[in-house]
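Taken together, the values in this text are just the output of simple stated rules run on the coordinates, not laboratory data. Given the structure is predicted, the values throughout are model-derived calculations rather than measurements. Every residue, glycine as well, gets a Cβ built from its backbone with ideal geometry; the counts of neighbours run over all protein chains shown.
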Amino acid sequence: SEAVQPRKVARETTEYVTQALPVPPEARSDADWCLKYTFGLRAWKMFVNQTNAALKKQLATRPDSKVIFLKSELLECTLPELCYGLSKFVSEVKKTDGSRYSPDLVYYLCLGIQAYLFENGRTENIFSDILFSPFTDALDELMRSFSSASMLD
């Protein structure tokens, strides 16, 4: 017995019809989704931990270095932080065994990140907002390598 909310939809004849809209789920989970955004979140958090650890080592050897630490919680990132972090993510993310993800999987991880942002009230579209052009440029470059490799197979 799914709860529904009535909504009136106008037709061209100014006649109204009532449609049922599903009530949003209480618990936010991607269990029933085709796109599992948790894969993107896990990859992001692992990437941030690895990147920040490398930056800490760099600071230990060169204290005058200017470094930008990434935030593991995407929702806490400002727009510039998110753009910068995602640009690095696309170029540098690796699996737990240290091997590179294939370009199509990197794209899938980014789709998951976008879904997570939308699901939690962030309205930025990382794929189309002009502010994210460094990210989309990095993604385009990665996908070009995928297209070239696909043509050779």
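Using the Cβ-Cβ distance between residue 97 and residue 146 with R0 set to 25 Å, the FRET efficiency from 1/(1 + (r/R0)^6) comes to roughly 0.80. Spin-label model, residue 61/residue 36: points 7 Å from Cα along the beta carbon direction are separated by 3.7 nm.
Dipole magnitude for region 30-152: computed about the Cα centre from +1 point charges on Lys and Arg Cβ and -1 point charges on Asp and Glu Cβ, it is near 600 debye. If you wrap the tightest convex hull around every Cα atom of region 71-153 and split its volume per residue, you get 95 Å³. For region 30-152, the relative contact order comes to 32 percent (Cα pairs under 8 Å, sequence separation of at least 6).
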